[in-house]
Amino acid sequence: MQELNIGPAADFTDPGRRIVECDGIEVGVFKLDGAFYAYGNICPHMGGPACQGRIIAKVDEDIAPDRTSRGFVFSKTQLNVICPWHGYEFDIRTGRHSGNSKMRLLPVRVRVSEQGDVIVALPPEIRRGIADAGMGVPPRPSPPAA
Ligand code: FES
């Protein structure tokens, strides 16, 4: 299992993100409220670079006590990354799709070393799962036609 030191945790913005290559696999590394999360940079929908999309607060519907909608509001607790190909949104903390919890980004191990560096590790089973999903550093499937 290869470990990759991607630099000091303090150098990450918060919230922040980097796309790194680890053992031939693209990985999205996120920092959110001081914690780190990492996923294979492949969307479970059609293989797009999901970790490279915009980071935005989840949109929730505000339901009144009488069960009517008061409109939509940005979540104060959940940030999502949006796949740039078709807009599927994934919770940065869990990697799960907002509307279908069975659809998720493949998690990658990430930790902060005693020296304060961010370390990404790809155990063989995770590496195989990401590779089987069709992701590596290129080739990547072409984006869909507009
Ligand atoms: S490939 Fe990500 S939403 Fe379609």
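Side notes on the structure shown:
- Among the residues making up segment 83-95, those that are crowded, with 17+ Cβ neighbours inside 10 Å and away from the ligand (no atom under 12 Å from the Cβ) are Asp91, Ile92, Gly95.
- Against the numbered list (1) within 14 Å of the ligand (Cβ to nearest atom); (2) in contact (Cβ under 8 Å) with a residue 12 or more places away in the chain; (3) not in a strand (DSSP E or B), Asn100 comes up short only at (2).
- Checked against the criterion of being within 16 Å of the ligand (Cβ to nearest atom) and without any contact (Cβ under 8 Å) to a residue 40 or more places away in the chain, the candidates Ile19, Ile42 yield just one match: Ile19.
- Scan of segment 60-72 for residues that are among the aliphatic types (A, V, I, L, M), within 17 Å of Gly99 (Cβ to Cβ) and either in contact (Cβ under 8 Å) with a residue 12 or more places away in the chain or not in a strand (DSSP E or B) (or both), ordered by number: none
- Qualifying residue in segment 27-35 (condition: touching a Leu at 6+ places or on another chain (Cβ under 7 Å) and part of a loop (DSSP other than H, G, I, E, B)): no
- Ala57 falls short on exactly one of the conditions (1) part of a loop (DSSP other than H, G, I, E, B); (2) more than 11 Å from the chain's Cα centre (by Cα); (3) of a type in the set (A, V, I, L, M), and that condition is (1).
- Selected residue (criterion: modelled with the lowest pLDDT) from residues of segment 36-54 that are within 18 Å of Gly87 (Cα to Cα) and not in a loop (DSSP other than H, G, I, E, B): Gly40
The values are calculated or read from the model by the stated rules, or taken from the named source; none is laboratory data. Fair warning: this is a prediction, and the values are worked out from it, not measured in the lab. Neighbour counts are summed over all protein chains in view; Cβ atoms, including those assigned to glycine, are modelled from backbone coordinates with ideal geometry.
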